[in-house]
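The values are calculated or read from the model by the stated rules, or taken from the named source; none is laboratory data. Note that this is a predicted model, so its numbers are computed, not measured. All Cβ positions, glycine included, derive from the backbone under ideal geometry; neighbour counts span all protein chains shown.
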Amino acid sequence: MNISKGLRRGVGGVVAAAALLALAMVPAGTALADTNIPIDQNANTTLTIKGKGSRLRGHYFTAMRIGAYGNAQTPTVGGGKLSSVGVDSSQVDAGGVPANEQIMQAMKDAYTTTSTSGSLPSGYGNNPVGAVAVTWLGFPSSITPPSGETADTTSNSSSAAWSGSLRKFVTTLTKNTNFKNRLADATHGHEVQASTTVLDDDDTTVEFSVKQGIYIVVDTTANHGTVSSTTIPASIPMLASTAVVDTASTPNVYDAFSTSPLVKLGEVSVKNDPLIVKKKMIDPTTGNASVGDTLTYMIVSKVPLTTGFSHYTYVVKDDPSAGLTYQGVTSVKFSTDANFTDTGIEHTLTGSDYTVSGGASSGAPVEFNFSGSIINFTQGTPSYYNDYIKITYTMKIDDSAREGTQLQNGVSLTHSNDPGNPPTGDGGTPGDGTTTTIDNSGDSTGTVKTYMYGFSLADVDKNNHATYLTGGEFQVKQGATVIKFKKLGDGTYQRAADQTAAVDNITIFDTLTPAAGGGSGTYDLAIGRMRFTGLAEGTYTVVQNTVPVPYSSLGKSTFTVTVSTDTATTSVPVPTAETPAYSNSHDGWDLVAEANWNPTTDPNHYILVQEINSISQLPMTGGAGAILVGLVVIVLLGGAGALFFITRRGEKSLSQEI
């Protein structure tokens, strides 16, 4: 008999199903068909927990008998397998002595709490486990259920392995104070520790040498502190039965039923199935953005196993850095896959299925709390257990964001882990009941980084680059739109989060001036320098509107600056979101120096904007030379026209006089 369908980590530590599957147990003394098997009540047999090292390593398990085998039979034809086994609750201790009244009462209470009749049936007053066997076996039985009871014929299904009458009985029993006390008593319980050195992917076992019968197996690791410095979650209990050993001189071991020959008695299989919580930025896909942009994220977390819990804590938390402000939920859905897409969507949740709190200011955490309804996450068909919750929501880069201070936000999941100490209400807030937190705020599965960029210029004398100038005014455009900036310090300007605000000469600027120098603020620059920050990748046009006095307005510059995460330059051959490539195109006068640079090795690079005193300082070669020649021609033609006008006027006057 394989009592367990598997264990699950992250919901309650080690978790197992409680279906009795094909075990046709009947109370001791009941007449049985086929051939009787003389049971050796003193013989030990093995009860084995099997699983991967990552699930069992270092864990302690305690097994306590709640029912002894009273009789057993094998088919007259085709022996070697069991046809039926009787169980008796009156002898359950490790030594085979009668149960004391306390543990017997715990089993009686668990039965009456679970049963529809609210009482033990006639003839089972001191054999509650026998009553369980004939009532909640999980499949149609030849044994008639006791009067007043309805047989639970679903407990042997994989879905009912985590629910139903049998599971409720086991969970109720193990929450009983008397049961807990008896489990902790080494006289009655057998405790075994799994290997502490087995590798994650290795198959391993935990083995008990015990008397024959029905056992409750509990993960008692929490009684020993921690494993690998990680808080150990408790287990929901496992119900398991041993093989049957007869009294022959060479004992025969019956480890399967003829009706279910592949289900081995005395073995519990443990599955690894950890809860997950992970996060990704959905938009923009480039991983970079400007101040004021809205970012869209998706969190994917697993729908938990809630067996054994009357209430459950399930809180997903986004913890952003300063500079990010929560905006709202786009959608919350169930999905059958764990991808950051909409494939496999089964059901869209509404606002009544969860609550959202926090996120009211920059850097404020926001919590998505499913605790009020997680127990009921079986809305329709199929059940959403083992599926995924996908939360899509937005955040905005606000004015407190700063270039050079990485924008990032991590995700964590706080969930119940101990059915013996569940939350006391539907609110299920952390701290109410025992919880575990999966914190992915420090790794790539849960932390999303957002990058912003900037560039600098210095206004200098063309003949002396050591002479820095103030008074020049500039604008930065993206396309035809002038970008508005907030002044962070003398010469330092950051893109304003609100680009619709009216221009305010105190806080928001669309015309920018180089630093005057002498400031003491954190973001003050030296005289003649400017810095534009809070920008995403893209191409920006810098327009000089005025020049410093007394320089010539003929030298006003217009040029572009390009920030790219995928187009290489000679300085940055492999650009990324973290290390983009920068380049700028020279203006028509060739007064803007240095075409590209590496922001990683030269983060304080300044694009030099050169100012001239006279037209003679304009270059005479290249495109600028052609422009200058055209200007001279226009000037000369204008002069010729004026001379011609004066000459004709003089001629006219002379003729009039004649």
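Odds and ends about this structure:
- Pick from region 305-317, criterion assigned to a loop (DSSP other than H, G, I, E, B) and among the hydrophobic types (A, V, I, L, M, F, W, C), ranking: farthest from L295 (Cα to Cα): F309
- Sole exception among (1) surrounded by fewer than 19 Cβ atoms within 10 Å (Cβ to Cβ); (2) more than 14 Å from the chain's Cα centre (by Cα); (3) closer than 30 Å to D566 by Cβ for S310, by number: (3)
- All of (1) at pLDDT below 95; (2) at negative phi hold for G518 with one exception: (2).
- Any hit, region 200-212, residues being assigned by TED's automatic domain parsing to the domain that holds I103, surrounded by fewer than 22 Cβ atoms within 10 Å (Cβ to Cβ), small (G, A, S) and modelled with pLDDT under 85: no
- Being assigned by TED's automatic domain parsing to the domain that holds K462, surrounded by fewer than 20 Cβ atoms within 10 Å (Cβ to Cβ), out of contact with any strand residue (DSSP E or B) (no Cβ under 9 Å at 6 or more places or on another chain) and part of a loop (DSSP other than H, G, I, E, B) is a description that applies to D602.
- Residue under evaluation G528, criteria (1) modelled with pLDDT of 90 or more; (2) under 22 Å from L324 (Cα atoms), criterion not met: (2)
- Being crowded, with 18+ Cβ neighbours inside 10 Å, under 30 Å from G410 (Cα atoms) and at pLDDT 85 or above is true of K279.
- Of all residues assigned to region 506-513, none qualifies as being within 36 Å of the chain's Cα centre (by Cα) and either not small (G, A, S) or not in a loop (DSSP other than H, G, I, E, B) (or both).
- Matching option when the condition is within 30 Å of N176 (Cβ to Cβ) and either of a type in the set (V, I, T) or within 17 Å of the chain's Cα centre (by Cα) (or both), among P304, P320: P304
- Filter result for the condition that a residue is acidic (D, E) and modelled with pLDDT of 85 or more, over D418, D398: D398
- Residue identified as crowded, with 16+ Cβ neighbours inside 10 Å, closer than 26 Å to K486 by Cα and touching a strand residue (DSSP E or B) at 6+ places or on another chain (Cβ under 6 Å) among T539, T562: T562
- Matching residues in region 525-548 - criterion: being part of a loop (DSSP other than H, G, I, E, B) and under 25 Å from T450 (Cα atoms): A536, E537
- Checklist (1) within 30 Å of L618 (Cβ to Cβ); (2) at pLDDT below 85; (3) not hydroxyl-bearing (S, T, Y) applied to D459, failing item: (2)
- Within region 565-587, the residues that satisfy the criterion of being buried (at least 17 other Cβ atoms within 10 Å of the Cβ) and either among the polar types (S, T, N, Q) or touching a residue at least 24 places away in the same chain (Cβ under 8 Å) (or both) are T565, T569, S571, V572, P580, Y582, S583, N584, H586, D587.
Residue-wise test of (1) assigned to a strand (DSSP E or B); (2) over 30 Å from G534 (Cα atoms); (3) not charged (D, E, K, R).
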{"position": "G292", "(1), (2), (3)": "no, no, yes"}
{"position": "D319", "(1), (2), (3)": "yes, no, no"}
{"position": "Q327", "(1), (2), (3)": "yes, no, yes"}
{"position": "V332", "(1), (2), (3)": "yes, yes, yes"}
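- Residues that are more than 30 Å from M238 (Cα to Cα) and touching a strand residue (DSSP E or B) at 6+ places or on another chain (Cβ under 6 Å) occur at least once in region 302-318.
- Selection of region 588-612 for residues being free of Cβ contacts under 8 Å to residues at least 24 places away in the same chain and either among the acidic types (D, E) or farther than 16 Å from F455 by Cα (or both) yields E594, D602.
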